[in-house]
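A short worksheet on the structure shown next.
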Amino acid sequence: MEMRAAYAECMAKLMEQDPKVIVLDADLANSTAMRKLYPRFPKQMFECGIAEQSMCSIAAGLSAYGFKPYIETFAPFASRRICDQVSISVAYAKQNVKIVGTDGGIGAELNGGTHMSVEDIAVLRSIPGIIIFEPCDEIQVRKAIPVINSYQGPVYIRLFRKELPAVFTEDYQFELFKADLLKPGKDLSVFVSGIPVSDTLEAAKELEAEGIKCEVINVHTIKPVDRETVLSSAKKTGAVLTVENHNVIGGLHSAITETLSRERIPCYAVGIEDRFCEVGKLPYLKETFGFTKENIKNAMRNAFNSK
């Protein structure tokens, strides 16, 4: 199932259960698979047009009156464009607004330069009080959304709209503030989020044939990062690699290195190296920015050999 379809299913259930759950979108209901829900929930869904700053302000006002608003748009418009509204009207005012930003990094594919966002996590991570969550498959979406809905406070949900390979099974138990151990290992700690998770896990399994046992951890909540899991794994293996569909400045790599800053443990990165993204299909972009399984496996090997 596409991740946006899983998200839409979750939102339909939430709106059925609670009339205070409100959805606002910025002329993107087709892109987020929410259009079909408008007839079912005419009093809980609002089209705000291409006016994200107003949409965010409306959501903050709704929250102040006890509603539970979700705002939905592309990742750059959910971060760069509304940074001031998120900072003051939502975070500073302690409003319960959930922000859904779709297709960050290489996920933007053919949408063009204005729709590319390799810095959305960094922008919002710098604002106090915001939780930042990025799922890696549709099962995690379905498990996470009810938990996030019950959390009182602002959350940024970084959502890839299309289908990704399954990482979890239906018996997966989601914890918002606990990273997921996908594969135990003793030689290298690999912290990964979002689109690259499945390729990273496969690369680690293949590398085990060379005698290198990587510990793969899905860091779905990038802020606040699960310090206990990060430190425990890194101290055990003695070397770290981060893999993220984001600028290496300000995202997962920054969160991990900040956590390890006093530990003298080397930390390497697979990510977008302080540059803008490109227009292209996902396979091309994965190759261009080093997110293929082979790229990730080589990075793991090099990080291990540097110990």
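The values are calculated or read from the model by the stated rules, or taken from the named source; none is laboratory data. Since we're looking at a predicted model, the values are computed, not measured. Quick reminder, even Gly has a Cβ in these numbers, built from the backbone with ideal geometry, and neighbours come from all protein chains shown.
Name the strands (runs of 3 or more DSSP E) wholly within the range 206-307 that hold at least 1 residues that are touching a Cys at 6+ places or on another chain (Cβ under 9 Å) and β-branched (V, I, T)? Working first, answer last.
Values: elements: 214-218, 221-223, 240-247, 267-272.
Strands (runs of 3 or more DSSP E) meeting the threshold: 240-247.
Report, by residue number, each residue of the range 248-268 that is among the aliphatic types (A, V, I, L, M) and buried (at least 22 other Cβ atoms within 10 Å of the Cβ).
Quick first cut of the range 248-268, residues among the aliphatic types (A, V, I, L, M) only: 248-249, 252, 255-256, 260, 265.
Selection gives L252, A255, I256.
Taking the residues in the range 171-194 that are free of Cβ contacts under 8 Å to residues at least 40 places away in the same chain and not hydrophobic (A, V, I, L, M, F, W, C) as candidates, determine which candidate is farthest from A234 (Cα to Cα).
Among them, the one singled out is D171.
Find all pairs meeting these conditions: Cβ atoms under 6 angstrom apart; at least six residues apart or on different chains; first residue within the range 280-292 and at pLDDT 95 or above; second residue of a type in the set (K, R).
From residues that are at pLDDT 95 or above, the pairs are T292/K286.
State whether one or more residues within the range 213-232 are among the β-branched types (V, I, T), within 14 Å of the chain's Cα centre (by Cα) and within 15 Å of V141 (Cα to Cα).
yes
Hey, F174 hits all of (1) buried (at least 22 other Cβ atoms within 10 Å of the Cβ); (2) not assigned by TED's automatic domain parsing to the domain that holds I256; (3) not charged (D, E, K, R) but one; which does it fall short on?
For F174, the failing item is (1).
Taking the range 212-225 only, how many residues are within 23 Å of P154 (Cβ to Cβ) and either surrounded by fewer than 23 Cβ atoms within 10 Å (Cβ to Cβ) or in contact (Cβ under 8 Å) with a residue 60 or more places away in the chain (or both)?
Filtering the range 212-225 for residues within 23 Å of P154 (Cβ to Cβ) gives 218-225.
Within this subset, residues satisfying the condition of being either surrounded by fewer than 23 Cβ atoms within 10 Å (Cβ to Cβ) or in contact (Cβ under 8 Å) with a residue 60 or more places away in the chain (or both) are 218, 220-225.
Adding up the residues that qualify gives 7.
Give the residue, chosen from S189, S193, S126, S117, that is more than 19 Å from C10 (Cα to Cα), assigned by TED's automatic domain parsing to the domain that holds C10 and touching a helix residue (DSSP H, G or I) at 6+ places or on another chain (Cβ under 7 Å).
Numbers: S189 fails: assigned by TED's automatic domain parsing to the domain that holds C10; S193 fails: assigned by TED's automatic domain parsing to the domain that holds C10; S126 fails: touching a helix residue (DSSP H, G or I) at 6+ places or on another chain (Cβ under 7 Å).
Exactly one of S189, S193, S126, S117 is more than 19 Å from C10 (Cα to Cα), assigned by TED's automatic domain parsing to the domain that holds C10 and touching a helix residue (DSSP H, G or I) at 6+ places or on another chain (Cβ under 7 Å), namely S117.
Looking only at residues in the range 267-307 that are touching a strand residue (DSSP E or B) at 6+ places or on another chain (Cβ under 7 Å) and among the small types (G, A, S), which one is farthest from K235 (Cα to Cα)?
Here the residue is G290.
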